[in-house]
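Okay, so here's the structure we're looking at.
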Amino acid sequence: MGIALQLLFTGLGIGSIYALVALGFVLIFRATNVVNFAQGDFAMLGAFAMVILAVELGFSYWLSILITVVIMAAFGALFNLGVYYPLRNRTFLPVIISTIGASILLENGMLAAHGPQPQSLPSLFDSPGFSLGPVFFDTQYLVILAVTLAMVVFQYLLFERTLLGKKMQATSQDKEMASMLGIPVAWMIMITFMYSSVLGGLAGILVAPILFVSVGMGSSIALKAFAASIIGGFGDVSGAIVGGLTLGVVETFGAAYISVPYKDAFAFLVLLIFLLFRPQGLFGEKVGEKA
Amino acid sequence: MSELASTTVTKKRVKGKVAAGSVIYLLVALAAIFLALHTSMPAYTRNLLMQTSTYAIAVLGLTIVLGYTGQINLGQAAFFGLGAYGVALGTTSFGLSFGTSLLLGTGIAALAGAALGLTTLRLGGHYLAMVTISFQTILSLVLTNWISLTHGPDGVPSIPRPVRFQGGNAYLALCIAVLAVVAYLVWWLRRTKLGRALQATRDNELAAGVVGVDTFQSKVIAFALSALLGGLGGGFFAGGFAYISPDQFSFNESVVFLTMALLGGCRLPVGTVFGTGLLIMLPEWLRFLKIIYLAVYGGAVILIMVFMPDGIFGYLAVLWRRLRPAAAIDTAGLAPLRLSQQAASEGARTLLKVTELTKHFGGVKAVDGVDMAVQSNTVHALIGPNGSGKTTLLNVLSGIYRPTGGRVEFDGSEITQLKPFQRAGHGLGRTFQNIRLFGDMNVLDNVRVGADRPGNVIEDGLAGDPVERRALAALEFVGLANRAQEAVGSLSYGHQRLVEIARALAGNPKLLLLDEPGAGLNHVEKDALVALLQRLKEHGLTVLIIDHDMRLVEQVADRITVLNFGRHIADGIPAEVLRNPDVIVAYLGKVNTNAAPRA
């Protein structure tokens, strides 16, 4: 029982990372109908920015976080202009491939700039954590859970309580109508990319102390985040979060009780099962094409 | 007689052109094989060529699935790996011959492709991207971790080659010969009925189904063929390099395969092969870039997508077409279009019978218990104010929507549960309110897909291609045969409508459903449409037409059914129905006048 609780805690922590990246996926998908295969590299960039700022340049942790967030927002804008905007009127296929190209560019660009050596980032807090009964609460996992919760609340308030959020929602639901109502659609999409990039960057900052920071760290997170968003119901915001958490837990339990080498396969097996029996995911609805 | 002779001559000229192309292709292929056999080259060069030819076989699979069918496959390296491990393990662990192992590996790859396709191709789009990535990831894990079978990360060494092709040059020649055959077959596939079905599915899946293409089956076949070619390429790759390991078949390699297809132009086999060669040679030429090579490569992918979305050869093909516009086809000797009609002696009968048909979307009753009958050899109009459920009814009739309740009988059999392509097979043709053509196919191929419908009897006992004759006759009927070779997107809106009608007519429908054929047409085009509809009527074709233009409806309709709020409110001959007080109220609200509604 104690072990199960411990695994649940760890699974939720790692699932939160998937959830944050999945959230970025879903927001961009809703705004542009595009699946961004470079979403995981946003996390990689965030983690590297932290390593460079906090470890190599010796800035304070909080200042480094602030600068990283600013960098990620700017990067999101750049990504929109370079990778999505020129292809906005094309079908989904060229855009998917363009984001794959961006992913190769980012990973290998970072490899060329920073070398293949994996880096590590210390945790924000000195205390490793505390035990409560049989469960050890690792500080970094607690931070991950807290930040994820905070981001979910922030996003809820942004979308439901602010005019900007309403405009972003209107844009994602019907671009033509939104632009007729005077909403600057291109700007809303720009903001969406910036926000998603920041979400990805945050996931990177949070996960960096647990994993090594390497150029490939983003792709495996992104694949699982993508799987998570399909399991939750593609395009659904709460689905992305629930899907991410579910996947984190399934993976952790699978590795503990079934097989460690096949740890990365569980996420995809769950995904295949969902695609076979409930392709619309936990929260999604079936939509047909209109003649 | 002389007319007939002249078409035969044109036909021969076209045939001659194709044959000449094939002869040149054969000569080039033979020359390449000869050079591979007799040129002495460093092992390094030979390896690059071997890699190019075996990769190209796998990338040609992507030409089928991505280029022809428009489905993404981010797991081609996995199928390539299945073929490679088939040969490697078959020869080294199980003592089978190279040929048997190759057959086995290719077969397993094709089966895996078919299984993956059968379970997930209904979803398409980004789901398919994800499923292929999942398959890729799981296979990579299995190759690394199932050590007792695959030797794990160490890989499989000393893979033998077939007995007669032990030498490097001989084996390279074999690979090139296989590639030449595969490329030819893939090129040939494009012009077959299956090839047209794949392209139609790519360009407009919904329309392809309604025209008679089993789109799901087409996609599964495309996927299985693609996996098969992946396996075949992988098998030869294993023999060529004598050693394989799991990291050669990772997700990154799948991305490389995809990029190769896109770079050269994945709709043309020659482009695919060129792209493969270019991407394998590029690192050699770009060595001065050193470590940023892969970053440059990622950037290049984005630039290709932005500036040359159809790849290098796609780009060249467009230029070529601009320089040399396609010649018009000689239609002088064409037999007139024959349409399905029933002998007058049989008298009128009910061709389409709709009983208590309902279609609800959540709480909205778009179609709410409609009864309707269409008599053969009549033009039947379905009218009603906006939102009365006309288009929904048509979509239920053609099988795009499943009805919530009720029955549809067509030509004596019940079709309520059939899929759109099955209904097309029964002889139900239709057009769409917002035109749905196959945008990247030319006018003639668009109509050919219509003629390809299952159950369409078009054998006329003449030499040559009856499908093409049928398609040209249908185009001639709507007056567009002289534009047969043009890109369908270059036609005016009005002409595109006519192509859509020709596409339906080529399938020789028993009943033609026309969804607002007059929408968006100007006066001249509308008059031409009325004339066309009247010609169809003279041919005895049964038509069910929706339109808002009462002038048009009055001119062509024998009977009218009126819908309002998803219910049928009137039925009868035009003169009566248009003076029916309920109909007038439905259109104009409550007014005290006897005037007929006019749109």
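Based on this model, can you work out whether B:G427 counts as surrounded by 19 or more Cβ atoms within 10 Å (Cβ to Cβ), in contact with a strand residue (DSSP E or B) (Cβ under 9 Å, 6 or more places away or on another chain) and at pLDDT 90 or above?
Judged against the criteria, B:G427 is a match.
Of the residues in region A:32-44, how many are in a helix (DSSP H, G or I) and surrounded by fewer than 24 Cβ atoms within 10 Å (Cβ to Cβ)?
Number of matching residues: 1.
Identify, from the list B:V220, B:V255, B:V273, the residue that is assigned by TED's automatic domain parsing to the domain that holds B:L102, in contact (Cβ under 8 Å) with a residue 40 or more places away in the chain and touching a helix residue (DSSP H, G or I) at 6+ places or on another chain (Cβ under 9 Å).
B:V220
Is it the case, given these coordinates, that B:G494 is in contact (Cβ under 8 Å) with a residue 24 or more places away in the chain, surrounded by fewer than 19 Cβ atoms within 10 Å (Cβ to Cβ) and within 23 Å of B:A451 (Cβ to Cβ)?
When the stated conditions are applied, B:G494 passes them.
Quick one: how many residues across region B:456-492 are within 19 Å of the chain's Cα centre (by Cα) and part of a loop (DSSP other than H, G, I, E, B)?
4
Going through region B:272-282 one residue at a time, which ones are more than 14 Å from B:L60 (Cα to Cα) and surrounded by 15 or more Cβ atoms within 10 Å (Cβ to Cβ)?
Matches in region B:272-282: B:L278, B:L279, B:I280, B:L282.
If we scan region B:509-517, do we find a residue that is in a loop (DSSP other than H, G, I, E, B) and surrounded by fewer than 22 Cβ atoms within 10 Å (Cβ to Cβ)?
Yes, because at least one residue in region B:509-517 is in a loop (DSSP other than H, G, I, E, B) and surrounded by fewer than 22 Cβ atoms within 10 Å (Cβ to Cβ).
List the residue pairs whose Cβ atoms are under 7 Å apart, where the first residue sits in region A:34-58 and is within 14 Å of chain B (Cβ to nearest Cβ), the second is assigned to a loop (DSSP other than H, G, I, E, B) and surrounded by fewer than 24 Cβ atoms within 10 Å (Cβ to Cβ), and the two are 6 or more positions apart or on different chains.
A:M44/A:V215
What is the number of the single condition among (1) away from every other protein chain (no Cβ under 14 Å); (2) buried (at least 21 other Cβ atoms within 10 Å of the Cβ) that A:I71 does not meet?
(2)
Of the conditions (1) surrounded by fewer than 19 Cβ atoms within 10 Å (Cβ to Cβ); (2) away from chain A (no Cβ under 14 Å), B:P269 clears all except one; give me its number.
Every listed condition holds for B:P269 apart from (1).
Within region B:380-387, does at least one residue satisfy the condition of being outside the structural domain of B:A504 (by TED's automatic domain parsing) and in contact with a Gly (Cβ under 7 Å, 6 or more places away or on another chain)? Quick ask: steps written out before the conclusion?
Residues of region B:380-387 that are outside the structural domain of B:A504 (by TED's automatic domain parsing), as a first pass: B:380-387.
Now drop any that are not in contact with a Gly (Cβ under 7 Å, 6 or more places away or on another chain), which leaves none.
No: zero hits.
Which one is nearest to the other protein chains (Cβ to nearest Cβ), of the residues in region B:283-292 that are part of a helix (DSSP H, G or I) and surrounded by fewer than 16 Cβ atoms within 10 Å (Cβ to Cβ)?
Quick first cut of region B:283-292, residues part of a helix (DSSP H, G or I) only: B:283-285, B:287-292.
Narrowing the set further to residues that are surrounded by fewer than 16 Cβ atoms within 10 Å (Cβ to Cβ) leaves B:283-285, B:287-291.
Values: B:P283: 12, B:E284: 18, B:W285: 17, B:R287: 14, B:F288: 14, B:L289: 9, B:K290: 8, B:I291: 4 Å.
The extreme case among them is B:I291.
From the list B:F237, B:F216, which one is in a helix (DSSP H, G or I) and more than 17 Å from B:L103 (Cα to Cα)?
Of B:F237, B:F216, the one residue that is in a helix (DSSP H, G or I) and more than 17 Å from B:L103 (Cα to Cα) is B:F216.
For B:A115, which of the numbered conditions (1) within 14 Å of chain A (Cβ to nearest Cβ); (2) in contact with a helix residue (DSSP H, G or I) (Cβ under 8 Å, 6 or more places away or on another chain) fails to hold?
Against the list (1) within 14 Å of chain A (Cβ to nearest Cβ); (2) in contact with a helix residue (DSSP H, G or I) (Cβ under 8 Å, 6 or more places away or on another chain), B:A115 comes up short only on (2).
To keep it simple, each residue is scored yes or no on (1) of a type outside the set (D, E); (2) in contact (Cβ under 8 Å) with a residue 24 or more places away in the chain; (3) closer than 19 Å to B:A575 by Cα.
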{"residue": "B:H523", "(1), (2), (3)": "yes, no, no"}
{"residue": "B:L529", "(1), (2), (3)": "yes, yes, no"}
{"residue": "B:L532", "(1), (2), (3)": "yes, yes, no"}
{"residue": "B:L536", "(1), (2), (3)": "yes, yes, no"}
{"residue": "B:M550", "(1), (2), (3)": "yes, yes, yes"}
{"residue": "B:E554", "(1), (2), (3)": "no, yes, yes"}
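Report yes if some residue within region A:100-119 is touching a strand residue (DSSP E or B) at 6+ places or on another chain (Cβ under 7 Å), more than 9 Å from chain B (Cβ to nearest Cβ) and in contact (Cβ under 8 Å) with a residue 24 or more places away in the chain; otherwise report no. Full working, then the answer.
The first filter runs over region A:100-119 and keeps only residues touching a strand residue (DSSP E or B) at 6+ places or on another chain (Cβ under 7 Å), leaving A:118-119.
Now narrow it down to the ones that are more than 9 Å from chain B (Cβ to nearest Cβ): A:118-119.
If we keep only those that are in contact (Cβ under 8 Å) with a residue 24 or more places away in the chain too, we end up with A:118-119.
Within region A:100-119, one or more residues are touching a strand residue (DSSP E or B) at 6+ places or on another chain (Cβ under 7 Å), more than 9 Å from chain B (Cβ to nearest Cβ) and in contact (Cβ under 8 Å) with a residue 24 or more places away in the chain.
Collect the residues in region B:97-129 that are in a loop (DSSP other than H, G, I, E, B) and under 13 Å from B:G239 (Cβ atoms), keeping them in residue-number order.
The one that is in a loop (DSSP other than H, G, I, E, B) and under 13 Å from B:G239 (Cβ atoms): B:S97.
Filter region B:154-172 for residues that are assigned to a loop (DSSP other than H, G, I, E, B) and within 41 Å of the chain's Cα centre (by Cα); which is farthest from B:G235 (Cα to Cα)?
Looking at the filtered set, the residue picked out is B:G155.
The values are calculated or read from the model by the stated rules, or taken from the named source; none is laboratory data. What you see is a predicted model; the values in this text were computed from it and never measured. Positions of Cβ are generated from backbone atoms using ideal geometry, with glycine treated the same way; all protein chains shown enter the neighbour counts.
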